[in-house]
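As structure tokens, the structure follows; a few thoughts come after it.
Just so you know, all these numbers are worked out from the coordinates, no wet-lab data involved. Note that the coordinates shown come from a computational prediction; the quantities given were computed from them, not determined experimentally. A quick note on method: Cβ atoms are made from the backbone with ideal geometry, for glycine too, and the neighbour counts reach across all protein chains shown.
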Amino acid sequence: MSQITTHILDTSLGKPAQGVTIVLEQFIDNEKWQVLGSGKTNSDGRLPNLVSSEKLLKTGHYRLIFDTASYFKIQGIKGFYPSVTVTFELSDESHYHVPLLLNPYGYSTYRGS
């Protein structure tokens, strides 16, 4: 499992959001974002392998970009947020789980375990 993991729960359906593309980026040299990994959520709404489990990430700022427009389009729903970007800071070498609770007109996130 990678140091950063995520999952998405579609709170309007009460089910995991499958097939959502997610990109993980790191802020480099206080000037640009660099892509570290990407993938799609599985049938349980999880993306456990954004980066290799052997890769230890440095402290600093990271972000997850969730392609919510494509997900809602597949569901036949018009959503308000075409994407959701969650920016967060790694302060140590521990595991970081960053879930997204999603519905067509809102979202919430938190640091999970």
*Which of (1) closer than 19 Å to MET1 by Cα; (2) out of contact with any His (no Cβ under 7 Å at 6 or more places or on another chain); (3) buried (at least 17 other Cβ atoms within 10 Å of the Cβ) does PRO99 not meet, given it meets every other one?*
(2)
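Scan the stretch 11-48 residue by residue and report those that are part of a loop (DSSP other than H, G, I, E, B), of a type in the set (S, T, N, Q) and in contact with a Lys or Arg (Cβ under 9 Å, 6 or more places away or on another chain). Full working, then the answer.
At the first step, the residues of the stretch 11-48 found to be part of a loop (DSSP other than H, G, I, E, B) are 11-14, 17-20, 29-31, 41-45, 48.
Of the ones still in play, those that are also of a type in the set (S, T, N, Q) are 11-12, 18, 30, 41-43.
Listed by number, the list holds a single entry, GLN18.
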*In the stretch 27-56, which residue that is out of contact with any strand residue (DSSP E or B) (no Cβ under 6 Å at 6 or more places or on another chain) and in contact (Cβ under 8 Å) with a residue 12 or more places away in the chain is nearest to THR6 (Cα to Cα)?*
ASN49
*Would you mind telling me which numbered condition in (1) assigned to a strand (DSSP E or B); (2) more than 17 Å from LYS15 (Cα to Cα) TYR107 fails?*
(2)
*What number goes with the only condition from (1) part of a strand (DSSP E or B); (2) among the charged types (D, E, K, R); (3) farther than 14 Å from THR109 by Cβ that GLU93 does not pass?*
(1)
*Test ARG111 against the criterion of being closer than 23 Å to GLN3 by Cβ, of a type in the set (Lys, Arg) and touching a residue at least 24 places away in the same chain (Cβ under 8 Å), and give yes or no.*
no
_Count of the stretch 60-82 residues which are surrounded by fewer than 17 Cβ atoms within 10 Å (Cβ to Cβ), in contact with a Ser or Thr (Cβ under 6 Å, 6 or more places away or on another chain) and of a type outside the set (Lys, Arg)_ = 1
